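A short write-up of the structure that comes next.
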Amino acid sequence: MTPRTILLLSLSFLFFSIVGCKQSNHEDASSKKYSIYAGLKNGQDFLVTTDTIDSGIIDPEKQGVLADPQRIFHDLIVRDGHYYRLDQRTGMFSESTISDGLFKENKSVKIEGFNDIENYNWISKDTLMLIGYEEKSKKARYAKINVQHMSVVQNELPIPRPFGNYNWMSIGFSKFFDNKLFVGYCYHSTTNLHSYTTSDTLYTEVISYPEMKSVNRLKDTRTTYPGGINSAMESFFTDESGDFYFLACPGIATGNVPEKSTGILRIKKADNQIDPDYFFNISASPIQNHGYGLWYLGKGRAIVRTERKGVFTGVNDHWKVPHFDYYVLDLIKQTTRRLELPLDKGTRKQCVLVENGIAHIAINSDKEGSAVWIYNPENESLKKGLQLAGEINYFLRLERLN
Amino acid sequence: MKVTRELIEKYHAGKCTPEEMLMVEEWLLDDEAEEEFIAPKATDRKTLRDAIWEDLQAEIKSFEPEKTSISKSSFSVRSIPFWKLAVAAAAVFILGTFLYNSKQQASVDEVFVLKNSSDTTNKNVSESLYTISLAPKSNIEIDNSTGNIDFCGAVLINPKRDIEFTIQGTCAAPDEQKEKLFLKKGQNYIALNYNSPENENEMIILEEGSLTSLPPVVKRQLMEQFNI
């Protein structure tokens, strides 16, 4: 046996040992309870799954898989071990899983004339409703997808297209009440990429379901830019009694009319109207800032994620600089309490997971590292749980996988 | 084999093998050849110019007496054999092409200027160091010797090799914002002058992967504009 043959055999052995090792690490990755998405300082994004987020250390690079393609942290819809997303360039809707140490696409379907998801809703275990605005045709559209068979039914959403000086629109929330679909939206005027503004009215279309016909249009001028892209960050919820709350976000990261207030509005289940007597003005509260993310804790309490003026300079560094605070809100008394957490970074993150009334908050701080923080509203305790090891730049998603 | 300065000198001295001669001539005539032109630093330029001028003056002085001695009648084309004329013409042609290309290369490489006055369409240009897509109503000036980019509007840059630039949004004055950025080969970078109610004349510079962190309306507009 020549030295070259020996070297080749040794390298082959080493290669298969490494591959074998990686596979055994990942063989049951898609059946774990939680999914984490992290952006590393070297620019690579990794997904890692785990059964516990209350304690321990996990290294996304060593124990996880490379996100493929990269930078999909705002696009994922996660359910029953699967990751769903729409490719904005191709309009292909796909299902992927983590298996054999890879983020693998299982199946996909092309959705014609649909290239951006602004909101999604699970209608049943296998049926997903996607809603988005398609700039080329200037239409808001919906697509109903059976994710088992990857069959699609799609059409224009019955809401008015941009009119007058408006040339764009955003859809910020979608909520099924009985046999009706409520869709929150607003309009924009854009000028040569350099700026845009948002209508001073926020709209909610009441649409009969499954007929998909508009039956009513609700308007409110107390604030604007209702909700946000819910695959990127949550900003609305339904409480125990079925009342629906949503955050309106006119700050520079979304509505770009900061003179309006960030605030919470309510649609009572019984009324099917935006409650004219309820407005939780976040900007005028002790928080004194704009916010973009809202999560329900239960028992009339919620968590809001708000920016901190003076720490960032503008849109250019909004996502890079740690400046986000988390506040616990009492929705009825309209009180606020800041959580003693390190300032968080990343403009939009799927970063709060509430289970059994306990909040798990994914924080990445340049000073104190990246970790899940656990907040118990019953005794107001706050402690560090699972920590991310490695050179983490952003802790972008924390969610239930199964 | 690479065309080196030594090889060119050998060529001019007539000491090249036929194979080497062919290679040098092909290189001289090839517009597409990858050349890495390193422009002298601005501070060195004056010294360099003075040195060249001094050399030239010396050459002219040494040439002057000879010039006066050449009479019109003694410089007759008829007295030169045809083959010598053909070689001279070929040499002039090759040298001319070489000088023309060098000049072009130098002017493109040193300062690159592009303006797009269209209302709707981008202007796309491929240079030796990068490709540029300039949005409507935008302009850009790149000084390759200093690595300074001045732009106004919106531009997408895709470098052909790793490169460092100092980017300045010229219409972002008066507080003259500058940002030094290391651009990686093959990646798309976007520079944009942006106005928000809280921060007028802001300069946004990001790698394509960070687009998703911008306000969704801006992200979608940039994706549409630059077809990414």
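Scanning the range A:50-72 for residues that are closer than 21 Å to A:Glu105 by Cβ and open to solvent by less than 20 Å² (accessible area, probe 1.4 Å), which turns out nearest to the other protein chains (Cβ to nearest Cβ)?
Once the filter is applied, the top-ranked residue is A:Ile72.
Scan the range A:285-300 for residues that are out of contact with any Asp or Glu (no Cβ under 6 Å at 6 or more places or on another chain) and over 19 Å from A:Leu202 (Cα atoms) and report the count.
9
Listed residues A:Leu294, A:Leu331, A:Leu343; which is modelled with pLDDT of 95 or more and over 24 Å from A:Thr224 (Cβ atoms)?
Exactly one residue qualifies, and that residue is A:Leu343.
Conditions first: (1) polar (S, T, N, Q); (2) more than 9 Å from the chain's Cα centre (by Cα); (3) modelled with pLDDT under 90. B:Asn122 passes all but one, so which condition is the exception?
Every listed condition holds for B:Asn122 apart from (3).
Can you tell me which residue within the range B:125-154, out of those that are over 13 Å from the mean Cα position of the chain (by Cα) and of a type in the set (Val, Ile, Thr), is modelled with the lowest pLDDT? Spell out how you get there, then give the answer.
Filtering the range B:125-154 down to residues over 13 Å from the mean Cα position of the chain (by Cα) leaves B:132-140, B:148-154.
Next, only the ones that are of a type in the set (Val, Ile, Thr) stay: B:132, B:140, B:149.
Values: B:Ile132: 96, B:Ile140: 94, B:Ile149: 91.
Ranking the candidates gives B:Ile149 first.
Answer yes or no: is there a residue in the range A:177-186 that is free of Cβ contacts under 8 Å to residues at least 12 places away in the same chain, over 25 Å from A:Glu95 (Cα atoms) and part of a loop (DSSP other than H, G, I, E, B). Write out each step before concluding.
Of all residues in the range A:177-186, those free of Cβ contacts under 8 Å to residues at least 12 places away in the same chain come to A:178.
When the remaining residues are screened for being over 25 Å from A:Glu95 (Cα atoms), the result is A:178.
Filter again for part of a loop (DSSP other than H, G, I, E, B), leaving A:178.
For the range A:177-186, residues free of Cβ contacts under 8 Å to residues at least 12 places away in the same chain, over 25 Å from A:Glu95 (Cα atoms) and part of a loop (DSSP other than H, G, I, E, B): present.
Yes or no: the range A:136-150 includes at least one residue that is among the β-branched types (Val, Ile, Thr), open to solvent by 50 Å² or more (accessible area, probe 1.4 Å) and under 20 Å from the mean Cα position of the chain (by Cα).
Within the range A:136-150, not a single residue is among the β-branched types (Val, Ile, Thr), open to solvent by 50 Å² or more (accessible area, probe 1.4 Å) and under 20 Å from the mean Cα position of the chain (by Cα).
For the range B:212-222, what are the residues that are at the interface with another protein chain (Cβ under 7 Å from one of its Cβ atoms) and in contact with a helix residue (DSSP H, G or I) (Cβ under 7 Å, 6 or more places away or on another chain)?
Selection gives B:Thr212, B:Leu222.
Would you pick out the residues in the range A:49-98 that are aromatic (Phe, Trp, Tyr) and at positive phi?
Those that are aromatic (Phe, Trp, Tyr) and at positive phi: none in the range A:49-98.
Applying the selection to the range A:19-43, what residues are modelled with pLDDT of 95 or more and open to solvent by less than 70 Å² (accessible area, probe 1.4 Å)?
Passing the criteria: A:Lys32, A:Tyr34, A:Ser35, A:Ile36, A:Tyr37, A:Ala38, A:Gly39, A:Leu40.
Given the criteria more than 22 Å from A:Met233 (Cβ to Cβ), within 14 Å of chain B (Cβ to nearest Cβ) and either buried (at least 20 other Cβ atoms within 10 Å of the Cβ) or of a type in the set (Val, Ile, Thr) (or both), does A:Thr97 qualify?
When the stated conditions are applied, A:Thr97 does not pass them.
Just checking, which of A:Leu193, A:Leu181, A:Leu157 is of a type in the set (A, V, I, L, M) and at pLDDT below 95?
Criteria check complete, one pass: A:Leu193.
For the range B:185-208, which residues satisfy the criterion of being modelled with pLDDT of 90 or more, open to solvent by 10 Å² or more (accessible area, probe 1.4 Å), facing chain A (nearest Cβ under 9 Å) and out of contact with any Phe, Trp or Tyr (no Cβ under 9 Å at 6 or more places or on another chain)?
none
May I ask you to list pairs of residues, at least six apart or on different chains, whose Cβ atoms are under 8 Å apart, with the first in the range A:135-153 being part of a loop (DSSP other than H, G, I, E, B) and the second being aromatic (Phe, Trp, Tyr)?
Short answer, once both residue conditions are applied: A:Glu135/A:Trp168; A:Val147/A:Tyr84; A:Met150/A:Phe93.
Within the range A:365-378, is even one residue of a type in the set (A, V, I, L, M), in contact with a Lys or Arg (Cβ under 6 Å, 6 or more places away or on another chain) and at pLDDT 95 or above?
Here is the first cut: in the range A:365-378, the residues of a type in the set (A, V, I, L, M) are A:371-372, A:374.
Filter again for in contact with a Lys or Arg (Cβ under 6 Å, 6 or more places away or on another chain), leaving A:371, A:374.
Narrowing further to those that are at pLDDT 95 or above: A:371, A:374.
There is at least one residue in the range A:365-378 that is of a type in the set (A, V, I, L, M), in contact with a Lys or Arg (Cβ under 6 Å, 6 or more places away or on another chain) and at pLDDT 95 or above.
For the range A:159-204, how many residues meet the condition of being within 14 Å of chain B (Cβ to nearest Cβ) and aliphatic (A, V, I, L, M)?
So the count comes out to 3.
Can you confirm whether A:Asp116 is surrounded by 21 or more Cβ atoms within 10 Å (Cβ to Cβ) and modelled with pLDDT under 95?
When the stated conditions are applied, A:Asp116 passes them.
Does at least one position in the range A:120-130 carry a residue that is among the small types (Gly, Ala, Ser) and outside any strand (DSSP E or B)?
Start the filter on the range A:120-130 by keeping residues that are among the small types (Gly, Ala, Ser), which leaves A:124.
Those still in the list that are outside any strand (DSSP E or B) too: A:124.
Looking through the range A:120-130, at least one residue is among the small types (Gly, Ala, Ser) and outside any strand (DSSP E or B).
Tell me which residues, restricted to the range B:115-138, are open to solvent by less than 20 Å² (accessible area, probe 1.4 Å), outside any loop (DSSP other than H, G, I, E, B) and over 21 Å from B:Glu207 (Cβ atoms).
At the first step, the residues of the range B:115-138 found to be open to solvent by less than 20 Å² (accessible area, probe 1.4 Å) are B:116, B:130, B:132-136, B:138.
This time we only want the ones that are outside any loop (DSSP other than H, G, I, E, B), so: B:116, B:130, B:132-134, B:138.
B:Asn116, the sole residue that qualifies.
Restricted to the range A:303-324, and to residues that are crowded, with 21+ Cβ neighbours inside 10 Å and assigned to a strand (DSSP E or B), which residue is nearest to the other protein chains (Cβ to nearest Cβ)?
A:Phe312
The values are calculated or read from the model by the stated rules, or taken from the named source; none is laboratory data. Bear in mind the structure is a predicted one, so any value in this text is a computation, not a measurement. As a convention, Cβ positions derive from the backbone with ideal geometry for all residues, glycine included, and neighbour counts pool all protein chains shown. The area values use the complete protein model at the heavy-atom level, side chains included, leaving out ligands, DNA and RNA. Shrake-Rupley method; radii C 1.70, N 1.55, O 1.52, S 1.80 Å.
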